[in-house]
Amino acid sequence: MMVPAALLLLGALTAVFAPRLLARAEWPEREPVVALWVWQCVVGAVLLCFALSMLLSAAAAWLAVRGRLFAAAPHGVVDAYALGPTGGPWATGTALALAGGGLWTGARLTREVLRARARRRARGAELLVRAPLLPGEDPAGARLVVLEGTRPDAWWLPGAAPQLVVTTAALGRLKGSQLDAVLAHEQGHVQARHDWLLHCSRALAGGFPQVPVFAAFEAEMHRLVELAADDVASRRFGRLTIALALVGLNEDRGVFGPYPSPQPHVSERVRRLLSAAPRLSAGRRLRLTALATLLPAVPLAVALMPGLSALT
């Protein structure tokens, strides 16, 4: 029963300390795409720790599960895990609690996806009312929709055929290539499927609000996907262009004033674009990506180590 306990401890320590380490790092703002991958690997490693602990605890608690889990393994491998004849109430309780957590996570994710689809259908229906299709116009072909509106705004409507929506006020406010930069920003969201990252982060944070890694995961996903989309636009049209576009879209919303704003990330994004901090070197980006990819391998190594030791 040492391996399930070790996996639980490893998952708990990662869930507590990984967000603190990432919060102290300065490189995520310079490389948001790499930071997005690192966060996904950290959360994946935590979930894998709990999933493997659940499997081994269930194998210790119930012989039927043990028989299926170690069906193809030599007898010495089963003995190496020291599961005992029965795991006792500790193993049963751990397996049931972790299985309940897995089911709750799946339920929250399903709920989040269904809610997102309902919101998307409602916004799509509202879009058809405000901007009806012309006779003979293909609904799937309307990738860009212009809405009459006094408030400058632009957003993307995800789905099987994502649509970019821009208001007439935004068309009047944005000058030169600023509109193209905003559209490139929104296309960056669509191409990277950022909506799925947001769904998963909201499901985990809503299901387990007291787990630090999941709460930080949700907050960072909202911030990093915007930074990543900003970089997509800035590589095509320049940092100053997308920064001026952000100012033009948000200057009437009080986000640049001295008082707390409901959208604090906007002013931070503008400052980041104007500061033009250099990117990390290709070698360092590669090292960070490789190290993050290896994170989920750590719980796998912990889980497989007794069995591999028995075979050798």
### Task
Give the long-range amide H neighbours of LEU147: residues separated by 5 or more places, or on another chain, with amide H under 5 Å away, using H modelled in the peptide plane at 1.01 Å from N.
VAL166, THR167, THR168
## Note on the structure
Once the mean of 1/r over all distinct C-alpha pairs in the range 178-312 is inverted, the Kirkwood radius in Å reads 17.7
### Message
Compute the angle between helix 88-130 and the longest alpha-carbon principal axis of the chain, please, reported from 0 to 90 degrees and rounded to the nearest 10.
### Response
20
### Query
Measuring with a 1.4 Å probe in the full set of protein chains, what accessible area per residue, in whole Å², belongs to the range 88-212?
55
#### Entry: Dipole in debye (nearest 20) - the chain, about Cα centre, beta carbon charges: Lys, Arg +1; Asp, Glu -1
100
#### Entry: Given 13 as the ceiling on other Cβ atoms within 10 Å, longest exposed-site-free region of the chain for GluC sites (Glu not before Pro) in DSSP loops
149-312
### Largest-first ellipsoid semi-axes for the range 10-92, taking √(5λ) over the Cα gyration tensor eigenvalues, angstrom
37, 13, 9
### Message
Connecting C-alpha atoms closer than 10 Å in a GNM of the chain, tell me which of HIS185, HIS199, HIS75 has the biggest fluctuation.
### Response
HIS75
### Query
How big is the range 2-43 in terms of Cα radius of gyration and Dmax, in angstroms?
12.6, 41
### Query
What percent antiparallel are the DSSP beta bridges of the chain, to the nearest 5?
50
### Message
Using only the alpha-carbon atoms, how far is helix 264-275 inclined from the longest principal axis of the chain? Give it as 0 to 90 degrees, nearest 10.
### Response
80
### Cα shape, the range 169-237, gyration tensor, a/c 1.5 rule
prolate
## Note on the structure
Once all protein chains are kept in place, LEU144 shows an accessible area at probe 1.4 Å, nearest 10 Å², of 90
### Query
Roughly what angle does helix 178-192 make with the longest principal axis of the chain, taking Cα atoms, 0 to 90 degrees, to the nearest 10?
20
### Task
Identify which of the listed values of Kirkwood radius over Cα pairs in Å was calculated from the structure shown: [x] 19.8; [y] 20.8; [z] 22.5.
[z]
### Summary
In debye to the nearest 20, the charge dipole size for the range 97-216, taken about the Cα centre with +1 at each Lys and Arg Cβ and -1 at each Asp and Glu Cβ, equals 380
### Query
Over the range 35-118, what is the relative contact order in whole percent, taking alpha-carbon pairs under 8 Å and six or more residues apart?
34
### Query
What percentage of all Cα-Cα pairs in the range 94-220 are separated by more than 23 Å?
47
### Summary
Carbon plus sulfur, as percent of the 1.4 Å-probe accessible area of the chain, comes to 65
### Task
Starting from the range 172-207, pick out the trypsin sites (Lys or Arg not before Pro) whose DSSP state is loop and whose Cβ has at most 15 other Cβ atoms within 10 Å.
LYS175, ARG193
### Task
Determine the calculated [θ] at 222 nm for the chain from helices alone, applying -39500 (n - 2.57) to every DSSP H run no shorter than 4 residues and normalising by the residue count; nearest 500 deg cm²/dmol.
-24000 deg cm²/dmol
#### Entry: Per residue accessible area in Å² of the range 1-60, where ligands, DNA and RNA are left out and the probe is 1.4 Å
43
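The values are calculated or read from the model by the stated rules, or taken from the named source; none is laboratory data. None of the values given here were measured: they were computed from a predicted structure. Virtual Cβ from ideal backbone geometry, glycine too; neighbours counted across all protein chains shown. Heavy atoms of the whole protein, side chains included, go into the accessibility calculation; ligands, DNA and RNA do not. Shrake-Rupley method; radii C 1.70, N 1.55, O 1.52, S 1.80 Å.
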